[in-house]
Every structure is written in structure tokens, then in C-alpha cells.
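Read the structure below first, then the notes.
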Amino acid sequence: MKPAGTLYGIGVGPGDPELISVKGLKILQSVPVVAFPAGVGDRIGMAERIVADWLQERQVKLPLTFPYVRNESILAAAWQQAAREVGEVLQSGRDVAFVSEGDVSFYSTFTYLSEALKRQHPHLEIRTIPGICSPLAAAAELGIPLTIAGQRLAVLPALYAVEELERALDWADAVVLMKMSSVYPQVWQVLQRRGLLDRTYVVERATWPEATVYRGLRDRDNLQLPYFSLTIIQVRPAEVPTTDSGTFSATDRSVK
């Protein structure tokens, strides 16, 4: 009997196709089947778009449907169906690479797929290849450190109430907001009250050619942010000693 294939979860980075790891690229191009979250409607999904130029003609594409809803029963059914589709391919003896934007262990759809697959087929082998996640890409786009020295970092994956932000600002030195478009006006007011507008940065579509960067939000109380946007708040920037008697603030060259 032919041995079952291996599922590889590959983090392909935030958008720039060249930010995939060498290891991830080698595995991606070696497998016969490449799976990814299907795009919405006629639009190509982000992960598929990132790897499009790296794929070979011989490779089979396997789009998997993951609805953009918050209903847990609908999502669970979609994960189970995706696991069945991938499981059938693996049991035929073929390896599958599931590509995910960012990193596969950082708020990734791959986690739900792999857990569903483990329940259906406990014997199948699953391996993960890390990638660059969006907070790191956004910090690089801005040219600022995300954290330094002993700073504490808070990451809020989705912000639906500003109370969550208030609590994070009380203890963290840097805060990352991954989704906040629905409450942007309220967030702006919190940042204004705390005097943080000049130390808050927004990056839309980090590392993509169409990336947009906002350095400071003082005059931007009505930004209309897209889904793929990320906010970095430097709550308490650390002072980095220099070679002379002065210090360098992490925000010194950031606000323009």
C-alpha cells in the first residue's frame, strides 16, 4: 500500500513573494499539490497571489473555502470539509503544501485545518514552515523597531471594543492592532486622550507594491482602513544609549 503523503503548512509572508523562506520555497516547488484559502468571488486569494510566480505547471492547485464569518458552526463545518479534501489527497500518497500569508502559527487558517485533519486522520504527518508575520513586516516598512530591550508587546488580533485597547495601553510598551477599521473613530479618540497620536503608525498592505504608510494620526481622525491594515502604537518608546552621553529615542526618525 502506498504510504500517505505529508501536509506542509508554509508561511509565505505578508505579501512580497521574495519574503518566503528558502526552505519554504523548496518544499513549495517540490510538492504535487498546493492548497490555499480560496479568494472571494472572482478575486484571487492573498496566499495564492503571493506564490503564483513560484508554482510549476505540473502542480495541482487546491483552493479551499473558508467563509469570512464569525459564526462558529459555519466555520467548523468549513474546516471539516477542507480537512476531508486535503485528507483524500494525502491518503492517495501525494504531499500537499498549504500556503498561508504571514506565519502559519500566527492567527492562521492553517491551525484550524491541521487540527481538523488530526481529528479525522490522526496518523497523517503534518509539518510547519514558519514565515514572516505582518507586525514584523509593518515595522520593517516603517523603519522602526517593534520592541527593544525589555519592552512588553501586546497584539490584539481583532478590536471590536475600545475597552480592550485601554487595558493593553495600561501595561504594554508597544501595541499592535491587526483589525480595527470598524472602531477607528473610537480608537483615535482614545489615542488623542492619551497623547499617543504622534506615536501611532498605520501600514496598509505591508510589503505590497501598493503599500500605504501613515506616520502619526494627529490629522487623520477619519481614515477609511482596508481589511489588510495594521496599526503599531509605541506607548512607551525605550531610550537606547548611544556612544556619547546622549540617548536615541525609537521614535526620533519615525514621525514625518
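The values are calculated or read from the model by the stated rules, or taken from the named source; none is laboratory data. What you are looking at is a predicted structure, and each value in this text was computed from that prediction instead of being measured. As a convention, Cβ positions derive from the backbone with ideal geometry for all residues, glycine included, and neighbour counts pool all protein chains shown. Accessible surface is based on the protein model in full, side chains and every heavy atom, while ligands, DNA and RNA are left aside. Shrake-Rupley method; radii C 1.70, N 1.55, O 1.52, S 1.80 Å.
Numerical summary
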quantity	calculated
Selection within the stretch 135-150 - of a type in the set (Val, Ile, Thr) and under 18 Å from the mean Cα position of the chain (by Cα)	THR147
Within the stretch 1-24, considering residues that are β-branched (Val, Ile, Thr) and in a strand (DSSP E or B), the one nearest to TRP208 (Cα to Cα)	ILE10
Meets criteria (open to solvent by less than 20 Å² (accessible area, probe 1.4 Å) and either in a helix (DSSP H, G or I) or of a type outside the set (Lys, Arg) (or both)) for ALA116	yes
Some residue of the stretch 25-41 being in a helix (DSSP H, G or I), touching a residue at least 40 places away in the same chain (Cβ under 8 Å) and surrounded by 14 or more Cβ atoms within 10 Å (Cβ to Cβ)	yes
Condition met for GLY13 (of a type outside the set (A, V, I, L, M), closer than 18 Å to THR128 by Cβ and touching a helix residue (DSSP H, G or I) at 6+ places or on another chain (Cβ under 6 Å))	yes
Every residue from the stretch 1-19 that is open to solvent by 20 Å² or more (accessible area, probe 1.4 Å) and modelled with pLDDT of 95 or more	ALA4, TYR8, ASP16, PRO17, GLU18, LEU19
Exclusive hit being over 18 Å from ALA206 (Cβ atoms), in contact with a helix residue (DSSP H, G or I) (Cβ under 6 Å, 6 or more places away or on another chain) and open to solvent by less than 20 Å² (accessible area, probe 1.4 Å), set VAL104, VAL96	VAL96
Residue in the stretch 193-227 that is farthest from ALA140 (Cα to Cα), counting only those that are surrounded by 14 or more Cβ atoms within 10 Å (Cβ to Cβ) and without any contact (Cβ under 8 Å) to a residue 24 or more places away in the chain	LEU197
Whichever residue in the stretch 55-70 is under 22 Å from the mean Cα position of the chain (by Cα) and open to solvent by less than 70 Å² (accessible area, probe 1.4 Å) and, among such residues, is farthest from GLN120 (Cα to Cα)	LEU55
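So that you can scan it fast, the table gives a plain yes or no per residue for (1) open to solvent by 30 Å² or more (accessible area, probe 1.4 Å); (2) at pLDDT 95 or above:
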| position | (1), (2) |
| --- | --- |
| SER181 | yes, no |
| TYR184 | no, no |
| SER229 | no, no |
| ILE233 | no, yes |
